[in-house]
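Please see the structure below; I have some questions.
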Amino acid sequence: RRRFDAADALRAVTEHRPTHLFGVPTMLRRMADLPRRPGEDTSSLRAVVSSGAALPASTAAACRERFGVPVVTVYGSSDGVNCHTAAPGAPAGDTAGTPDPAVAVLRIVRPDGSPAATGEAGEIQAKGPMTPLCHVGAPELDARYRTADGWVRTGDLGALDGEGRLRVLGRLRNVVIRGGHTISPAEVERELGTHPGIAEAVCVPVPDEEFGERLCACVRPVPGAPAPVLGAVTAHLAARGLERRKFPEYLLVLDRMPLRPTGKVCRRSVTAHAEAVLGVGAPPGTTFPAAGAEDFTHPGEIPH
């Protein structure tokens, strides 16, 4: 099948009776948003497992309510990085859990290579029994993705809390530079994910003559919920404790998110669409109404 279909996936759960349901957050949210159909039976499930992208708190809550089972977030890669377990007495919550040293130890480092403080964002690096020793015959890849003492450079931004739990914040290169200030879209998306009326959120940069870039939040409302407006969204972010300089200055409401073949949101399509709608010089503080499926025409994007 060329594209993901949430209804077909739910039918497959009823038919094949799996114990675990795996998917990226966008897939899981679309399944959770569908009403129950006659004859649907998901009682075989023991857990819903999310990987491939940061899991918004609202999506995790929607899956727990829809399926009635725990939601597990898995963070890892084929390069010997894995984190999904929670230490006794420290439930994972909305984090990726506690690293298992039997697989890999994780650390967070600053750009200069020094250790980051507890709760401080930095690059996630990993090392352990499951970490490959090297890239065979490719020293240039070792130089790029390994430290001199063998730690894997993941290229991901994250932080460890006081209980050793990992919070994944996004990719190091996925940032917005507004007037010299660096904003992590993933951090803002995580807080938008706690808004009860927002099902999905993607934050992208839009060009600006004065500041170079401004942040645009592209959101899909929860089915049946009214479309949010920028003022209410920024008020929610303020209540969550997000710094004011990180607030989105535009809000673009979408009927759906474009997906890549992996099932993840196609950021390139969202960014291109936001730029086309806003243009250069659109007044900050604007909410743009919902866009339909026909508005996305970027190559590689899966229609839905």
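Every number here is computed from the coordinates shown, using simple stated rules; none is lab data. In this text, all values refer to a predicted model and were calculated from it rather than measured experimentally. Virtual Cβ from ideal backbone geometry, glycine too; neighbours counted across all protein chains shown.
Of all DSSP beta bridges in the chain, what percent run antiparallel (nearest 5)?
Working: 35 of 50 bridges.
Among the beta bridges of the chain, antiparallel pairing accounts for roughly 70 percent.
Any idea what log10 I(q)/I(0) is at q = 0.16, 0.20, 0.27 Å⁻¹ for the stretch 6-73, Debye with uniform C-alpha scatterers and no solvent?
After summing over all Cα pairs, the log10 values are -0.45, -0.71, -1.35.
With Cα Rg over 2.2 N^0.38 Å as the read-out, I listed (i) 1.17; (ii) 1.03; (iii) 1.11; which label goes with the value calculated from this structure?
Among (i) 1.17; (ii) 1.03; (iii) 1.11, the one calculated here is (ii).
Further question on the same structure: What does the C-alpha gyration tensor say about the overall shape of the stretch 176-295? Classify as rounded when a/c is under 1.5, otherwise prolate if a/b is larger than b/c, or oblate.
Numbers: a/c = 1.44, a/b = 1.12, b/c = 1.28.
Rounded.
With each run of n ≥ 4 DSSP H residues scored as -39500 (n - 2.57), what mean residue ellipticity at 222 nm is computed for the chain after dividing by its residue count and rounding to the nearest 500 deg cm²/dmol? Provide the component values of the computation, followed by the final result.
Values: 7 runs with 68 residues, N = 304.
Result for the chain, helices only: -6500 deg cm²/dmol.
A follow-up question, please. Among bridges DSSP assigns within the stretch 1-159, what percent are antiparallel (round to 5)?
Numbers: 15 of 22 bridges.
Taking every DSSP beta bridge with both residues in the stretch 1-159, the antiparallel ones total about 70 percent.
Considering only DSSP states other than H, G, I, E and B, which trypsin sites (Lys or Arg not before Pro) in the stretch 144-246 qualify as loop sites with at most 13 other Cβ atoms within 10 Å?
Numbers: sites: Arg144, Arg146, Arg153, Arg165, Arg167, Arg171, Arg173, Arg178, Arg190, Arg214, Arg240, Arg244, Arg245, Lys246; in loops: Arg165, Arg173, Arg240.
The qualifying sites are Arg173, Arg240.
Using θ = phi - 60° and the Karplus form 6.51 cos²θ - 1.76 cosθ + 1.60, what ³J(HN,Hα) does each residue of the stretch 148-157 get, whole Hz, x for Gly and Pro?
Values per residue, Gly and Pro as x: 4, 9, x, 7, 7, 8, 7, x, 9, 9 Hz.
Can you put Asp156, Asp142, Asp8 in order, fewest other beta carbons within 10 Å first?
Values: Asp156 22, Asp142 15, Asp8 11.
Lowest to highest Cβ neighbour count: Asp8, Asp142, Asp156.
Using θ = phi - 60° and the Karplus curve 6.51 cos²θ - 1.76 cosθ + 1.60, what whole-Hz ³J(HN,Hα) does each residue of the stretch 233-242 get, with Gly and Pro shown as x?
5, 5, 5, 5, 5, 5, 5, 7, x, 6
Can you pull out the trypsin sites (Lys or Arg not before Pro) in the stretch 1-44 that DSSP calls coil and that have at most 13 other Cβ atoms within 10 Å? Don't jump to the answer; show the numbers that get you there.
Details: sites: Arg1, Arg2, Arg3, Arg11, Arg29, Arg30, Arg36; in loops: Arg1, Arg2, Arg3, Arg36.
Answer in residue order: Arg1, Arg2, Arg3, Arg36.
While we're looking at this one, here's another question. Output ³J(HN,Hα) for the stretch 129-140: one whole-Hz value per residue in order, computed from phi by the Karplus curve 6.51 cos²θ - 1.76 cosθ + 1.60 with θ = phi - 60°, and x for Gly and Pro.
Here the 3J(HN,Hα) series is x, 8, 7, x, 5, 6, 8, 5, x, 9, x, 5 Hz.
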